[in-house]
Amino acid sequence: TVSMAERPHSILDSELFGYEKGAFTGADSTKQGYFERADGGTLFLDELSHIPLDDQSKLLRVLQSRTFERVGGRKEIKVDVRIISATSENIQDSEIRDKLHFLDPLYFRLEKYIITVPPLRERKEEIPLLVKYYLNHLSTQKEVIIDEKCYDLLKDYDWPGNVRQLFGMVERAYINAYDED
């Protein structure tokens, strides 16, 4: 998984495609990027709408030709990678793509199968399941039991930050409830 929003744009190129020794200051050895490491498998690109324009063209090249070059390299590297991508922006809308400077050819290359996940406020029946899942992830030693009234309160909220906001709230509550300091 590669989150485009969490990576500084200045290093995204070298993280996606790798780099050759000596390509830049600090490149003491050759490093494989995410595409090379995912060869024969699947690479999940999260928050794709945040990818810089230069890297969009390179990503489009990989999708079309299945080849790329490492930063500082001249050798074409061939890969067979399935891409799954996600974004919180509605890049299906051409006006939004224009506003985000998202390349139409890249969108059309990626749009083969679109799965739209409604916001959490439209699927509140999933909140108890999501809370239990995340609490289980947080706590490997304690069983946490939530009162039904708590679930009702959680379902009454609109969750503008969707599942990430819900998980953040669950983690804060867990830390406050089980802080051992």
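At a glance:
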read-out: Check on Phe108, modelled with pLDDT of 90 or more and either of a type in the set (Val, Ile, Thr) or assigned to a loop (DSSP other than H, G, I, E, B) (or both); value: no
read-out: The listed residue being open to solvent by 40 Å² or more (accessible area, probe 1.4 Å), over 18 Å from Leu103 (Cα atoms) and either without any contact (Cβ under 8 Å) to a residue 24 or more places away in the chain or among the aliphatic types (A, V, I, L, M) (or both), out of Ser29, Ser65; value: Ser29
read-out: Residues of the stretch 161-173 that turn out to be touching a residue at least 24 places away in the same chain (Cβ under 8 Å) and not polar (S, T, N, Q), as a count; value: 5
read-out: Residue in the stretch 162-173 that is modelled with pLDDT of 90 or more, assigned to a helix (DSSP H, G or I) and exposed (fewer than 11 other Cβ atoms within 10 Å of the Cβ) present; value: yes
read-out: Out of Ile146, Ile115, Ile91, sole residue that is of a type in the set (A, V, I, L, M), more than 30 Å from Ile51 (Cβ to Cβ) and not in a helix (DSSP H, G or I); value: Ile146
read-out: The stretch 1-21 residues that are within 18 Å of Ser88 (Cβ to Cβ) and open to solvent by 40 Å² or more (accessible area, probe 1.4 Å), paired with ones that are outside any helix (DSSP H, G or I) and of a type in the set (D, E, K, R) (beta carbon under 8 Å, 6 or more apart); value: Thr1/Asp46; Ala5/Asp46; Ala5/Glu47; Glu6/Glu47
read-out: Which numbered condition Tyr107 fails, given (1) over 17 Å from the mean Cα position of the chain (by Cα); (2) within 29 Å of Gln56 (Cβ to Cβ); value: (1)
read-out: The stretch 67-104: number of residues that are within 21 Å of the chain's Cα centre (by Cα) and of a type in the set (Lys, Arg); value: 3
read-out: Residue check, Lys99 over 30 Å from Lys31 (Cβ atoms), touching a residue at least 12 places away in the same chain (Cβ under 8 Å), in a helix (DSSP H, G or I) and open to solvent by 90 Å² or more (accessible area, probe 1.4 Å); value: no
read-out: Residue check, Arg121 open to solvent by 80 Å² or more (accessible area, probe 1.4 Å), part of a helix (DSSP H, G or I) and not aromatic (Phe, Trp, Tyr); value: yes
read-out: Complete set of residues in the stretch 86-138 that are over 21 Å from Met4 (Cα atoms) and among the hydroxyl-bearing types (Ser, Thr, Tyr); value: Tyr133, Tyr134
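The values are calculated or read from the model by the stated rules, or taken from the named source; none is laboratory data. None of these values were measured; they are calculated from a predicted model. Ideal geometry is used to build each Cβ from the backbone, glycine not excepted, and the neighbour counts take in all protein chains shown. Accessible surface is based on the protein model in full, side chains and every heavy atom, while ligands, DNA and RNA are left aside. Shrake-Rupley method; radii C 1.70, N 1.55, O 1.52, S 1.80 Å.
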